[in-house]
Amino acid sequence: MAGTPAAGLVGVWQLVANAQLVSPIFLPGPDKAWAALVNGFAHRGLGDKLLGTLRHMTFGWLAACVAAVVIGSLIGTSRRARLYVAPSLEFLRPLPVSAIIPVAIALYGLSESMAIFVIAFGTLWPMLLSTVQGYASVQPRLLEVAQALNLSRLKTIMTISLPSALPEILAGMRVSLTVALILSVVCEIVAGLDGLGQWLLVSARMFRSPDLFAGVILLGMIGYLAAALIAEVERRLLAWRPAR
């Protein structure tokens with residue numbers, strides 16, 4: 001049943017393309033887009049473009065994950081830290097990532113390091129704020145139990161605070177993964193890096209609409225599979241929670 005709307009959308013797309021209600025230069029049919037996708041993998045190095053985007057996306061996202069969990073744990077477990085650091089976080093959070101790209105280019109040039117820095121910066125905030133919120137919402141009674149048992153700060157974080165904050169942390173990771181994919185494409189377009197962003201840019205400039213739509217389809221598949229992977233990880237790590 002889940003595939004019915006998608007199949008219907010593809011069918012409507014094919015009908016519109018066959019009727020040429022929109023010029024084929026701008027709207028190829030799904031059959032031509034699929035043929036371009038297969039041909040791209042077979043003869044035009046689309047697989048390398050895919051690996052480039054996955055590399056940029058994964059490295060930037062993982063760097064943000066580590067930084068968000070570590071920094072968020074330090075802030076979230078301290079009421080005083082939340083009080084003093086929260087204004088700074090609220091100042092930096094709405095800063096558009098597009099404003100960081102020139103700074104990143106000045107620091108790293110048009111390189112993969114620039115892309116990873118921009119992706120990490122843009123994906124850091126959803127995870128960081130979710131982590132802080134997760135630690136801040138730990139039930140006080142649980143912390144009182146840890147204090148009564150004379151647990152160390154690290155032991156309290158690992159056995160009580162982190163499991164309680166884990167749903168919020170994973171929710172932030174799920175949101176930031178989509179942001180990482182978007183920023184990967186943006187950085188590849190801006191810096192001319194090897195990836196799907198470059199594929200889309202070249203296809204658009206040369207009016208190769210089947211190749212353009214093939215790249216868009218591939219990006220949609222990456223987003224869907226990444227979301228499904230995070231959902232499966234979340235299901236396994238949060239198996240202790242009662243079903244809703």
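The values are calculated or read from the model by the stated rules, or taken from the named source; none is laboratory data. Predicted model, so just to flag it, every value in this text is computed and none were measured. As a convention, Cβ positions derive from the backbone with ideal geometry for all residues, glycine included, and neighbour counts pool all protein chains shown.
Annotation note: Cβ proximity below 9 Å between a residue of the stretch 40-52 that is touching a residue at least 40 places away in the same chain (Cβ under 8 Å) and among the small types (G, A, S) and a residue that is surrounded by 14 or more Cβ atoms within 10 Å (Cβ to Cβ) and not in a helix (DSSP H, G or I) (sequence gap 6+ or interchain) occurs for G52/L193; G52/D194; G52/G195.
Being under 20 Å from the mean Cα position of the chain (by Cα), among the small types (G, A, S), in a helix (DSSP H, G or I) and more than 19 Å from S130 (Cα to Cα) narrows it down to one of A64, A104, A68, A33, so name that one. Steps first, please.
Values: A64 fails: more than 19 Å from S130 (Cα to Cα); A68 fails: more than 19 Å from S130 (Cα to Cα); A33 fails: under 20 Å from the mean Cα position of the chain (by Cα).
Only one candidate passes the filter, namely A104.
Residues in the stretch 186-221 that are surrounded by 23 or more Cβ atoms within 10 Å (Cβ to Cβ) and within 11 Å of K49 (Cβ to Cβ) were compared, and the one that is farthest from the chain's Cα centre (by Cα) is D211. How many residues does the stretch 37-60 contain that are small (G, A, S), in a helix (DSSP H, G or I) and closer than 16 Å to Q198 by Cβ? Result for the stretch 37-60: 3. Restricting attention to the stretch 96-122 and to residues that are within 24 Å of A136 (Cα to Cα) and of a type outside the set (F, W, Y), the residue that is surrounded by the fewest Cβ atoms within 10 Å (Cβ to Cβ) turns out to be A120.
Looking for something closer than 24 Å to V186 by Cβ and in contact (Cβ under 8 Å) with a residue 40 or more places away in the chain - is there at least one such residue anywhere in the stretch 8-24? No, because not a single residue in the stretch 8-24 is closer than 24 Å to V186 by Cβ and in contact (Cβ under 8 Å) with a residue 40 or more places away in the chain. Note on the stretch 1-18: residues that are modelled with pLDDT of 80 or more and of a type in the set (A, V, I, L, M, F, W, C) total 5.
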